[in-house]
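Remarks on the structure that follows.
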Amino acid sequence: MTYTFVTLFPNLIEGYFKDSILKRAIEKDLLQVKYVNPRDYSKNKHFKVDDTAVGGGAGMVMNSQPLFDALNDLRQKDENVHIVFMTPVAKPFVQNDAKRLAKKSHIAFVSGRYEGIDERVIEKYADEVFSIGDYILTGGELASLVVCDALSRNIDGVLGNSDSLEVESFESHLLEAPAFSKPKLYESLSVPSEYLKGNHSKIRSLKYALSECKTKFFRPEQLIKHRTRISYEK
């Protein structure tokens, strides 16, 4: 998988790939990370990449020319690149999107700044547009990293133990059951006794029940989806 981050601030992203799982994935040639700075394509003598909004309004908007040229160049170099824009005014990014995108060969994440990106850029170049939540960030770099991290875990070989993917939250609409580490007793707090008895069938049943309880409390709409799916499969 190749990732290209189209951003005015590549330094905000580079550090994330210098440690842990994604660093090892790069070392094993499972991932390749590149950067494109729209400012390098600006035809403005001061290399500006923003301008006032047509029709008025507060703040500046990333204008079309640098992004048009940057993304056109990217597409010419690789016609299979899948271009993703991160914006709060889009559909929510979910686990199924991560699994699907992990099958691509090259994904470019376009990170907006200021009051956003000229809509004509999105209309012309976006293969998909995602939001990571109902809130506003100062830029799209963090959102791009969130999506990148989520889908990277679904690429073969990136995780040390791929079996962990099968029991994670949202794989069946349920939130993942609580996890506990050793020691079994810490400051008078113990792990559930069933976890300690070695009966894996009962442990699975308990984890399923705890998963349902957690989902009912935090994300009741996910529990409805889960139960609907179970009823449909029956």
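The values are calculated or read from the model by the stated rules, or taken from the named source; none is laboratory data. It should be emphasised that the depicted structure is a prediction, and the values quoted were computed from it without experimental measurement. FYI the Cβ positions are ideal-geometry reconstructions off the backbone, even for glycines, and counts take in every protein chain you see.
Just one of the listed residues (73, 50) is surrounded by 15 or more Cβ atoms within 10 Å (Cβ to Cβ), in the same structural domain as residue 128 (by TED's automatic domain parsing) and of a type in the set (Asp, Glu), and it is 50. Screening 28, 34 for residues that are free of Cβ contacts under 8 Å to residues at least 40 places away in the same chain and either farther than 16 Å from residue 86 by Cβ or under 18 Å from the mean Cα position of the chain (by Cα) (or both) leaves exactly one candidate, 34. Hey, does the range 74-92 have a residue that's closer than 19 Å to residue 4 by Cβ, in contact with a Ser or Thr (Cβ under 7 Å, 6 or more places away or on another chain) and free of Cβ contacts under 8 Å to residues at least 40 places away in the same chain? For the range 74-92, residues closer than 19 Å to residue 4 by Cβ, in contact with a Ser or Thr (Cβ under 7 Å, 6 or more places away or on another chain) and free of Cβ contacts under 8 Å to residues at least 40 places away in the same chain: present.
Within the range 209-234, the set of residues being in a helix (DSSP H, G or I), at pLDDT below 80 and over 12 Å from residue 173 (Cα atoms) comprises 231, 232, 233.
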